[in-house]
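Derivation of every value follows stated rules applied to the coordinates shown; laboratory data play no part. Quick caveat, the model's predicted, so the values are computed rather than measured. Here the Cβ is made from the backbone with ideal geometry for all residues, glycine too, and neighbour counts use every protein chain on show.
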Amino acid sequence: MTDLLVINANLFRISDNLKKPRTKEQLKELFPIENGAFAVNDGKFIDIGSTKELLKKYSHKTKEVVDAKNRAILPGFVDPHTHALFKGTRENEFKMRLEGKSYMEILNAGGGILNSVKNIRNSNIDELAENLAKRVKLFFVYGTTTFEAKSGYGLDFENEIKMLEAIKKVNLETDAEIIPTFIGAHAIPYEYRNNKKAYIDIIINEMIPYIAEHKLAEFIDVFCEKGVYSAEETKMILTAGMEYGLKAKIHSDEIEAIGCTELAKEIKMFSCDHLLKITNRGLNALKSTDTIATLLPGTAFSLKEKYAPARAIIDYGIAPAIATDCNPGSSYSESMPEIITLSVMQMGMTPEEALSAATINAAYAIDKAEHIGSIDIGKQADFIILNENSYLFIPYHYGINPVNSTYKKGVKVAFSANN
Ligand SMILES: [Zn+2]
């Protein structure tokens, strides 16, 4: 017996045939199968082909048949950069921004990241986990089957660990697959504003060893930016994390280019994220590595900033991924369809490039391409059925949810009423 047979699908497999992140022309190949089908057992794809062929092989021995009725099926979206664990929202600050207030004015009014830090410090693990579990449902509704989530609103030993413990709890207690990233170096905590070095020492000597020992994070990230962490400090923190087995990624070139992206040449980095202000030096550095450029157009949209130069990044032969950056300050959205729309309409990516960036390349950005990001035999059966027969409806019929249903490991985890 097999668990599930899906038939009559306009299937876009986005196959991981290359076994490496896609670049240039490779981004455009979605591996379509018209009137396609696949079989799922034990949460994995076990066969893929035409409806006719698979009906013959499996119809007499499957527990369930799903008729896609010629709708488009894609791999579940992978969101490789979020700050989805937070407590409380910052809509007042959003209003101040719309009224033209500066970042400093907002910060002085008790807003900004320090607002999120206060809320995390005032919550316990159960409250944080409950909050994140609610958000997981929304990720599923919009077709995301795996996402990365960072610490970074605790900014001290106890609260950074608490955030990572909350992520672990949600992974254990729900269908979610959340990849945890430690970013103690997300900002400089207020109490260390005049002594950054002492805080970096705590990150390196206390937080990293504890997190590694208790396996609370897979990645280590740093907000490498002028006035936050310099390229030199970033290198020190990432190197310390890597010595404990954490994998490196960074926030870089978001507000100003200060040489952070260039670190990819010296340190094995899985992704450099944001890149709104990337320079030719940064582009050349990434070009010579396997590092993914993770672009976050929702942040440029929300902050009314210039978008990252996706076309130049692709022309250089750098592999792009796209992500929501879901957070309560600069990009409050769980919707990868919205991010695909912005990538197409504002960053000049083709719909096919954006889809590769939202699935297989995003899986590479979090080092999970062996298991997710494409519809290939042996991979986890994470897939979405759209409402329409073409993926073009994602950017074309924008602002609505194009996802009909979402399956994680072969199990339906979300279903929209719009059908
Ligand atoms: Zn971020």
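Some notes on this structure:
- Convex hull per residue volume in Å³, alpha carbons only, for region 264-337: 92
- Computed on the Cα atoms alone, the convex hull of region 110-252 gives a volume of 114 cubic angstrom per residue.
- On full extension, the segment bounded by Lys69 and Phe157 gains 26.5 nm, given 0.36 nm per residue less the C-alpha separation.
- Its relative contact order, with pairs defined as Cα atoms under 8 Å and 6+ residues apart, puts the chain at 21 percent.
- Using the Cβ-Cβ distance between Glu165 and Glu232 with R0 set to 22 Å, the FRET efficiency from 1/(1 + (r/R0)^6) comes to roughly 0.10.
- Among the cysteines of the chain, those with no neighbouring cysteine Cβ under 4.7 Å are Cys272, Cys326.
- Here the extension length gained between Ser59 and Leu98 equals 8.4 nm, from 0.36 nm per residue of separation less the Cα-Cα distance.
- Across all directions, the average projected area of the convex hull around the alpha carbons of region 1-86 is 7.7 nm².
- Trypsin sites (Lys or Arg not before Pro) within region 1-78: DSSP coil, no more than 16 neighbouring Cβ in 10 Å: Lys19, Lys63, Lys69
- Neighbour-limited loop hits for chymotrypsin sites (Phe, Trp or Tyr not before Pro), region 192-255 (at most 16 other Cβ within 10 Å; DSSP other than H, G, I, E, B): Tyr244
- For region 1-44, Kirkwood radius (reciprocal of mean inverse C-alpha pair distance, Å): 12.1
- When restricted to Cα atoms, region 78-365 yields an Rg and a Dmax of 17.4, 48 Å, respectively.
- Each 5 Å bin from zero holds the following percent of Cα-Cα pairs in region 49-124: 3, 10, 14, 11, 9, 6, 6, 6, 7, 8, 8, 7, 4, 0.
- Over all directions, the projected convex hull of the C-alpha atoms in region 261-401 averages 8.9 nm² in area.
- Mean Cα-pair separation over length for region 337-419, i.e. relative contact order, pairs under 8 Å, 6 or more apart, %: 27
- Protection proxy ranking, peptides 325-336, 253-264, 395-406, average beta carbon neighbours within 10 Å, highest first: 325-336, 253-264, 395-406
- In percent, rounded to a whole number, the relative contact order of region 126-219 is 31, using alpha-carbon pairs under 8 Å and six or more apart.
- Gain on full stretching of the segment that runs from Glu127 to Leu303 - 0.36 nm per residue minus C-alpha separation: 60.5 nm
- With R₀ set to 30 Å, the beta-carbon distance separating Tyr244 from Thr89 gives a calculated FRET efficiency near 0.35.
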